[in-house]
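Have a look at the structure below, then the notes.
The values are calculated or read from the model by the stated rules, or taken from the named source; none is laboratory data. Keep in mind the model is a prediction, meaning the values are calculated, not measured. Cβ placement follows ideal geometry from the backbone for every residue including glycine, while neighbour counts extend to all protein chains displayed. What goes into the accessible areas is simple: the full protein's heavy atoms, side chains included, and nothing from ligands, DNA or RNA. Shrake-Rupley method; radii C 1.70, N 1.55, O 1.52, S 1.80 Å.
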Amino acid sequence: MQPVADAARIDQLLDSLAEQVRRTGADRNRPALIGIRRRGDVLAQRLGTKLGIADVGSIDITLYRDDLSETGAAARVGGTRIAFDVSGRDIILCDDVIMTGRSILAALREILDFGRPARIYLCVLVERPEREIPIQPEFIALKLRPQPGEKVDVRLSPTDEADRITINPRA
């Protein structure tokens, strides 16, 4: 296990993301945050607090994934919670790690089922370079380039026991 960030460093990375959002003005036009469950939703909540944005939701992209036929009955569907109208709003979509872009594509499909936002920004805690779909985040806290055979693990409380980012061998 290679440590990358502890709780204090993650808080600094969140401050950096909030500052990036402020600099672009993405926090000025009735913005709302939507996080991809299981850790993007924690990221969205924390950014909402730092930016003073009250409308924060979460989505479960399980049924929108392009590999759903492969997981089939083993797929576990969680809840989606968007308690505000997305139509005409600036949405900041949050996820912990972007790698291939497929999870983000699934999230975009789901958000569009709720309405037509004015704009969707993508905000990620960690960016990896292995994109398969041409999706690029506007807001990035940390860029990592792990070796082949390694994965980036993000842990955020309260989903996890503590905040940390590590690089680990793939199992």
So, over other residues within a Cβ distance under 13 Å of P146, counting Lys, Arg +1 and Asp, Glu -1, the net charge is +1
Under a 1.4 Å probe, counting only protein heavy atoms, T24 has an accessible area in Å², nearest 10, of 80 Å²
Scalar couplings 3J(HN,Hα) for the range 156-171 by Karplus 6.51 cos²θ - 1.76 cosθ + 1.60 (θ = phi - 60°), nearest whole Hz, x for Gly and Pro, are 9, 7, x, 4, 10, 6, 7, 7, 6, 10, 9, 10, 10, x, 5, 7
Diffing the range 25-40: the Karplus 3J(HN,Hα) column from phi (6.51, -1.76, 1.60, θ = phi - 60°), in whole Hz with x for Gly and Pro, holds x, 5, 9, 9, 10, 6, x, 9, 10, 10, x, 7, 4, 10, 10, x
Of 10-16, 92-98, ordering from highest average Cβ density within 10 Å down gives 92-98, 10-16
Pseudo-spin-label distance S16 to T49, built 7 Å along Cα→Cβ, given in nm, is 2.0 nm
Long-range amide H partners of G35, meaning residues 5 or more apart or on another chain whose placed amide H is closer than 5 Å, are G57, S58, I59, C94
Excluding ligands, DNA and RNA, the carbon-plus-sulfur percentage of the accessible area of the chain with a 1.4 Å probe reads 47 percent
If the label point sits 7 Å along Cα→Cβ of D153, residues of the range 1-43 with amide N under 13 Å come out as 1-5
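Which residues make up the longest stretch of the chain that has no trypsin sites (Lys or Arg not before Pro) in a DSSP loop with at most 12 other Cβ atoms within 10 Å?
77-169
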As a Kirkwood estimate from alpha-carbon pairs, the chain has a hydrodynamic radius in angstrom of 16.3 Å
